[in-house]
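I have placed the structure first, in the form of structure tokens, so that the comments after it can refer back to it.
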Amino acid sequence: MYHRRPEIKWMFERRKKRKIDNSESEPNVFDDLPEELKIEILRRLPTKKAAILTLVSKSWFWLITTKIFPKTNPKLPFIGVVLIGNYDSRPNTTILIEALQNSDSHSVLPSNIERDRHYPFTFFTSQHKVLMNCCNGLILFSGCNESKRSFNYSYIVYNPLTNQWVDFDYVVNKPYVTAKSTMYAALAYNPSESCFYRVVQFQGFRCLNVYCSETRSWNKLRYRLPTRVSTCKTRWLKQTVFYQGALFRLSTSGHLLKFVIDREATSIKDQAQAIDLPKFQASKHPPNSYGLNCIGLSNDQINFMAFDKELSLCIWVLSDTYEWSLRTKLSKIHEKYGMENNFCRPLAFHSYMDTVFVGAKSPHLGSLFLSLNFEKDVCSQQEDNYVIETLNLEGFQSLNWLDVAPSSFHYSHVPFANGMAKKLSLQVEEWKPEHT
């Protein structure tokens with residue numbers, strides 16, 4: 001089912017109630033223009049203005065979302081980092097750590113988001129749904145109901161800025177899966193490439209179940225990875241990156257796994273690939289011993305960070321030929337706050353700035369969320385080659401960084417599409433805007 005935000009429903013209701021005499025109405029000149037000319041006119045509009053025009057009609061929605069937005073290459077505001085984990089006695093708790101310093105993100109957010117930034121997460125999690133993944137402005141929630149013969153997985157994809165959300169299911173028979181925990185899912189969405197999204201469900205070590213919003217159907221993609229990567233002795237981290245039609249995941253075997261999801265390869269060996277991680281002497285403190293390193297997109301490139309033997313945070317960038325080059329090395333982080341057992345865990349990358357985020361444990365201050373900025377102009381007068389800042393955890397100073405699944409979080413003004421425009425159903429309800 002397809003849903004829209006209340007403001008949009010009200011605008012549709014107002015337009016629907018407007019009485020127009022067909023005999024006196026003027027012809028719609030714009031609809032008679034060639035499609036190439038329509039695209040040339042609409043692509044000159046700002047992203048927010050174009051998003052509002054998707055309300056005019058289904059044909060305008062289809063034209064703007066499929067032809068205009070993929071060509072505008074909108075820069076999505078980076079909001080912060082989402083932490084998903086079990087805190088104290090509260091399972092599947094979600095925390096949004098805002099990282100809006102040196103950013104104009106506040107200026108692009110509507111008033112309802114400013115009032116309650118945690119509402120997008122608490123609304124669906126209160127309905128027995130678990131936040132599983134975030135990708136370029138969309139959030140994926142998941143739930144599972146077990147019967148005697150199958151597992152029924154229910155998914156919700158949500159855009160908190162436009163308040164669009166859709167729900168759909170996937171049923172797996174029990175002979176093919178033995179536990180709920182084996183079915184991790186991730187989002188694949190980039191509004192600068194397509195208005196459609198994919199939900200990728202990892203079923204064991206041999207199969208991907210891919211839901212495409214354009215066709216509203218599931219497709220099974222089979223792949224084959226080397227035995228040392230796809231055995232029960234290895235573990236794949238619950239952190240994914242969608243980049244150029246593929247999903248990337250870290251494996252404790254020392255590999256970055258690439259899964260092609262936008263097409264079916266000619267061979268199952270080409271559907272997935274294991275890329276060697278950088279060679280370095282890793283430290284033996286908990287994040288590395290558990291394989292809890294980090295990947296992420298920064299300046300449109302895949303980055304990887306981990307602590308070396310000297311407890312310096314090393315950051316590498318991946319080239320188009322799958323070769324790693326050292327981007328920077330940040331030292332003495334554990335000495336700043338007297339880290340307990342030298343504990344520090346890499347969490348996420350800033351999408352556009354030379355900034356990374358790290359979780360730390362201090363015996364005096366508890367759990368800390370650290371922002372490390374290593375931009376040259378910022379650090380020119382510093383003793384170290386980075387500036388460290390502590391961000392507010394809002395009452396979660398005792399969380400366990402080993403039990404956290406981090407994900408970068410953005411906002412997107414671009415409405416996503418779900419199925420063909422002719423099949424798109426928009427609910428219309430009575431709603432009145434608040435008085436200012």
Ranking by accessible area, most exposed first, for His413, His255 with a 1.4 Å probe
His413, His255
Low-density loop positions, trypsin sites (Lys or Arg not before Pro), segment 28-59 - DSSP coil, at most 14 other Cβ in 10 Å
Arg43, Arg44
Please list, in chain and number order, the residues 5+ apart from Cys144 or on another chain whose amide H is under 5 Å from its amide H, with Hs placed from the backbone.
Ser154
Dipole of segment 29-68, positive end: most advanced residue of Trp60, Pro46, Phe30 [Cβ charges, Cα centre]:
Pro46
With a ≥ b ≥ c the root eigenvalues of the C-alpha gyration tensor of segment 29-68, is it rounded (a/c under 1.5), prolate (a/b larger than b/c) or oblate?
oblate
Which value, in Å² rounded to 10, gives the accessible area of Thr47 with a 1.4 Å probe and all protein chains present?
40
Using the structure shown, select from Lys233/Lys279; Lys238/Lys329; Lys129/Lys309; Lys58/Lys220 the pairs with a Cα to Cα distance greater than 29 angstrom.
Lys129/Lys309; Lys58/Lys220
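The values are calculated or read from the model by the stated rules, or taken from the named source; none is laboratory data. Just so we're clear, the structure is a prediction, and the values are computed from it rather than from any experiment. Every residue, glycine among them, receives a Cβ derived from its backbone with ideal geometry; neighbour counts consider all protein chains shown. Protein only, heavy atoms only, side chains kept; ligands, DNA and RNA dropped before computing areas. Shrake-Rupley method; radii C 1.70, N 1.55, O 1.52, S 1.80 Å.
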